[in-house]
Amino acid sequence: MIEIIPTILNKDFKEVKESIKKVENYVNWVQLDIMDGIFVNNETWNNPDDLKKIDSKVKIEAHLMIDKPIEKINDWLDVVDRVIIHFESSKDGEIKEIIKRAKDKKKEIGLAINPETHFSVVLPFLNDLDLVLIMTVQPGFGGQEFKEFNLKKIKALRRIWKNGNIEVDGGVNNRNIKRIKKAGANLICSGSYIFNNSNIEKAIKSLK
């Protein structure tokens with residue numbers, strides 16, 4: 001099933017709450033982009049404790065674009081439904097440990113890869129993952145242009161992982177979403193296209 005997931009990239013928690021409110025009636029999930037200014041050259045709101053004050057029916061995934069996620073993972077697992085870490089930010093042993101901690105807390109876990117990273121790096125972890133996130137722009141900033149070469153990566157992973165959840169994030173809009181779906185992605189993240197639209201409900205429907 002195709003799921004549209006608005007991505008929220010805000011500097012403070014008040015904006016995060018406002019962004020969730022804008023989309024919560026139209027989707028099942030939102031993604032919070034969490035950046036520490038170290039792993040990527042940008043910093044967003046990143047205090048998991050604040051989420052204890054959130055009252056929303058929408059499910060939340062935290063996309064951790066942070067250095068050494070193993071040091072913060074427990075705090076995020078306590079407050080969100082799904083956590084996504086980057087292959088590039090962790091050693092193999094740390095990835096396995098983070099997956100174990102997520103499973104112990106009965107939370108979903110995803111592994112993200114940057115545009116230049118070959119999809120084969122995720123293969124050893126597939127049996128334990130709830131999703132693989134293929135970044136179609138360099139992580140760190142919204143509003144970038146979708147990198148077409150990633151469609152081959154999506155197709156290649158789908159051939160191997162027939163029933164797995166393949167998520168795509170970066171530069172998604174109503175002009176390229178058909179190609180992304182056709183390549184095999186079933187979880188589609190979109191930020192700028194949705195939130196910069198004067199009619200958010202209409203923008204989400206156009207992606208569906």
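Look at GLU43 and say whether it is more than 19 Å from LEU129 (Cα to Cα) and either under 17 Å from the mean Cα position of the chain (by Cα) or at pLDDT 95 or above (or both). Against the criterion (more than 19 Å from LEU129 (Cα to Cα) and either under 17 Å from the mean Cα position of the chain (by Cα) or at pLDDT 95 or above (or both)), GLU43 qualifies. For segment 74-81, the count of residues that are modelled with pLDDT of 95 or more, within 15 Å of the chain's Cα centre (by Cα) and either over 30 Å from PRO124 (Cβ atoms) or part of a strand (DSSP E or B) (or both) is zero. Looking only at segment 163-176, filter to residues that are out of contact with any His (no Cβ under 8 Å at 6 or more places or on another chain) and part of a strand (DSSP E or B); which one of those is surrounded by the most Cβ atoms within 10 Å (Cβ to Cβ)? Only one residue tops the list, namely VAL168. Annotation for segment 136-144: no member residue is more than 28 Å from GLU15 (Cβ to Cβ) and either in contact with a strand residue (DSSP E or B) (Cβ under 8 Å, 6 or more places away or on another chain) or free of Cβ contacts under 8 Å to residues at least 24 places away in the same chain (or both). LYS105 falls short on exactly one of the conditions (1) touching a Leu at 6+ places or on another chain (Cβ under 7 Å); (2) surrounded by 18 or more Cβ atoms within 10 Å (Cβ to Cβ), and that condition is (2).
Selection over segment 9-24 of residues that are touching a Lys or Arg at 6+ places or on another chain (Cβ under 9 Å) and within 12 Å of ILE200 (Cβ to Cβ) gives a count of 1. Count of segment 90-113 residues, restricted to those that are modelled with pLDDT of 95 or more and within 17 Å of the chain's Cα centre (by Cα), is 11.
Annotation: ILE66 fulfils all but one of (1) under 20 Å from ILE166 (Cβ atoms); (2) touching a His at 6+ places or on another chain (Cβ under 9 Å); the unmet one is (1).
The single condition among (1) among the β-branched types (Val, Ile, Thr); (2) within 17 Å of PRO48 (Cβ to Cβ); (3) out of contact with any Pro (no Cβ under 8 Å at 6 or more places or on another chain) that ILE98 does not meet is (3). Applying the condition of being charged (D, E, K, R) and not in a helix (DSSP H, G or I) to segment 146-162 and asking which residue is surrounded by the most Cβ atoms within 10 Å (Cβ to Cβ) yields LYS147. Scanning segment 177-195 for residues that are assigned to a loop (DSSP other than H, G, I, E, B), out of contact with any Lys or Arg (no Cβ under 7 Å at 6 or more places or on another chain) and at pLDDT 95 or above turns up ALA185, ASN186.
Reported count of residues in segment 38-66, each being part of a loop (DSSP other than H, G, I, E, B), of a type outside the set (A, V, I, L, M) and surrounded by fewer than 16 Cβ atoms within 10 Å (Cβ to Cβ), is 5. Per the listing ASN174, ASN150, ASN197, the residue uniquely farther than 22 Å from LYS107 by Cα and within 18 Å of the chain's Cα centre (by Cα) is ASN150.
The values are calculated or read from the model by the stated rules, or taken from the named source; none is laboratory data. If you're wondering where the values come from, they're calculated on a predicted model, not measured in any experiment. When we count neighbours, we look across all protein chains shown, and the Cβ atoms used for this are built from the backbone with ideal geometry, even at glycine.
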